[in-house]
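All remarks here apply to the structure that follows.
Read-outs: derived from the displayed coordinates by stated rules, not from any lab. Please read all numbers here as calculations on a predicted model, not as lab measurements. Cβ coordinates were reconstructed from backbone atoms using ideal geometry, including for glycine residues, and neighbour counts include every protein chain displayed.
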Amino acid sequence: MTETIETYVRFWNTEPGEPQRRVGAQVFTPDVSYVAPNADLVGVEALVGFTRTFVENVGAYEFLARAEPETHHDRARLAWEIRVGGSSFAEGTDVIVTGADGRITGVTTFVDRAPVVTAEHHGGAA
């Protein structure tokens, strides 16, 4: 499960497009379900599009684990932080479910600290 979580974090830190699709194919099943307060997505391509839209609106970011993930059976709980321009942007917790092949079949995201969106978080424009 450790390798799966590391690859999951890498997915969110990979440039949207073909590079992110390749990482996504490694870590997610084709029909992965991603449910968050602002999204209900199915499939790797939907996640790549979600990332692209985020970057277009917020700019470059870094997705980090805030603590060691907790795991049991086919589940993991990952506390994360998104940093934009070196500052904390948002924090949350993902509950991750894996299939028999070790790839992620589902993610449920909870936002622990929502972002405060400012002009600087819109593609760097002031």
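Can you find a residue that is of a type in the set (K, R) and within 18 Å of V27 (Cβ to Cβ) anywhere in segment 71-81?
yes
Only residues that are over 12 Å from the mean Cα position of the chain (by Cα) and not charged (D, E, K, R) were counted across segment 63-89, and they come to 12. On the given criteria, is R66 under 16 Å from T108 (Cβ atoms) and among the basic types (K, R)? No. Within segment 101-109, does at least one residue satisfy the condition of being of a type in the set (A, V, I, L, M), in contact (Cβ under 8 Å) with a residue 24 or more places away in the chain, crowded, with 18+ Cβ neighbours inside 10 Å and within 23 Å of E3 (Cβ to Cβ)? Yes, some residue in segment 101-109 is of a type in the set (A, V, I, L, M), in contact (Cβ under 8 Å) with a residue 24 or more places away in the chain, crowded, with 18+ Cβ neighbours inside 10 Å and within 23 Å of E3 (Cβ to Cβ).
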